[in-house]
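Peer 1: The following block contains the structure, expressed as structure tokens.
The values are calculated or read from the model by the stated rules, or taken from the named source; none is laboratory data. What you see is a predicted model; the values in this text were computed from it and never measured. Please note: Cβ atoms are built from the backbone with ideal geometry, for glycine as well, and neighbour counts cover all protein chains shown.
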Amino acid sequence: MKNDRVRITSDEVLSNNWYTLKKYTFDYQRADGQWEKQSREAYDRGNGAVILLYNREKQTVLLTRQFRIPTYVNGNETGMLIEACAGLLDRDNPEDCIRRETEEETGYKINSVEKIFEAYMSPGSVTEILYFFVAEYSEDMKVSDGGGSAQEQENIEVMELPFGKALDMVKSGEIKDAKTIMLLQHAQLTQLVTKNGQTESNQLSSAI
């Protein structure tokens, strides 16, 4: 990590409860050559991984639904959010993490996953990098009902949806989780879920 236009002068821990919130004070050299002092807060919750599970034969995707308190206090009337399966890396590498989370949340044990990209999801305030994956699932991979970790107080509903319906739910606002929208649009653009590379016209128009 080296940028000659940035000199971090101090970092102060503001909260170290569940994860770590710090206030960074630094000198930043502007494009005109002048230096100015700035301060910003950054929340470090570690990095994470997310996956879109799809079945090309049935043209379906597996998503989850659970209560999210931050959305509830910011306009989501029920607090329930439809999402792709995801989790924090903890000490795992991204591939091992997403396999673990997939089995824990959805009940499907997958072996082969494909990384498609990685992204900072909220770079103005959160340090997290999210690793995005896709994987095909089938019924013979199901080993449990899923539902998440009771120890972590997770109450996760598993949803199998037709791919076209999932895209329509993005358009209607029923799905408004950013990582999930990104994965669904990737699947649409690459024709990942559809048979023989054929994408229905209503699917193409629903995400435009």
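Peer 1: Across segment 69-83, what is the total count of residues that are surrounded by 16 or more Cβ atoms within 10 Å (Cβ to Cβ) and not in a strand (DSSP E or B)?
Peer 2: The qualifying residues number 1.
Peer 1: Could we say that residue 102 is in contact with a Phe, Trp or Tyr (Cβ under 8 Å, 6 or more places away or on another chain), loosely packed, with under 15 Cβ neighbours inside 10 Å and not in a strand (DSSP E or B) here?
Peer 2: No: the conditions fail for residue 102.
Peer 1: Could you tell me whether any residue of segment 65-83 is modelled with pLDDT of 95 or more, of a type in the set (Asp, Glu) and within 30 Å of residue 194 (Cβ to Cβ)?
Peer 2: Among the residues of segment 65-83, at least one is modelled with pLDDT of 95 or more, of a type in the set (Asp, Glu) and within 30 Å of residue 194 (Cβ to Cβ), which makes the answer yes.
Peer 1: Condition first: at pLDDT 95 or above and of a type in the set (Gly, Ala, Ser). Now tell me which residues in segment 140-171 satisfy that.
Peer 2: 164, 166
Peer 1: Under 23 Å from residue 129 (Cα atoms), acidic (Asp, Glu) and in the same structural domain as residue 171 (by TED's automatic domain parsing): which single residue out of 77, 83, 57 fits that description?
Peer 2: 83
Peer 1: Is one or more of the residues making up segment 120-127 more than 23 Å from residue 143 (Cβ to Cβ) and in a strand (DSSP E or B)?
Peer 2: Yes; the residues of segment 120-127 include at least one that is more than 23 Å from residue 143 (Cβ to Cβ) and in a strand (DSSP E or B).
Peer 1: Identify the residue in segment 84-99 that is in contact (Cβ under 8 Å) with a residue 40 or more places away in the chain and assigned to a strand (DSSP E or B) and, among all such residues, is surrounded by the most Cβ atoms within 10 Å (Cβ to Cβ).
Peer 2: 86
Peer 1: Here's a follow-up. Looking at the structure I just gave you, is residue 64 of a type outside the set (Phe, Trp, Tyr), assigned to a strand (DSSP E or B) and closer than 24 Å to residue 187 by Cα?
Peer 2: Taking the combined requirement at face value, the residue satisfies it.
Peer 1: So, one more: Which one is nearest to residue 48 (Cα to Cα) among residues in segment 1-32 that are assigned to a loop (DSSP other than H, G, I, E, B) and within 31 Å of the chain's Cα centre (by Cα)?
Peer 2: 19
Peer 1: On to the next question. When you check residue 137 against the structure, is it more than 24 Å from residue 22 (Cβ to Cβ), at pLDDT 95 or above, buried (at least 19 other Cβ atoms within 10 Å of the Cβ) and more than 15 Å from the chain's Cα centre (by Cα), yes or no?
Peer 2: yes
Peer 1: Condition first: among the β-branched types (Val, Ile, Thr) and touching a residue at least 60 places away in the same chain (Cβ under 8 Å). Can you find one or more residues in segment 17-40 that meet it?
Peer 2: Checking segment 17-40: not a single residue is among the β-branched types (Val, Ile, Thr) and touching a residue at least 60 places away in the same chain (Cβ under 8 Å).
Peer 1: Scan segment 33-59 residue by residue and report those that are under 19 Å from the mean Cα position of the chain (by Cα) and of a type in the set (Ser, Thr, Tyr).
Peer 2: Scanning segment 33-59 gives 43, 54.
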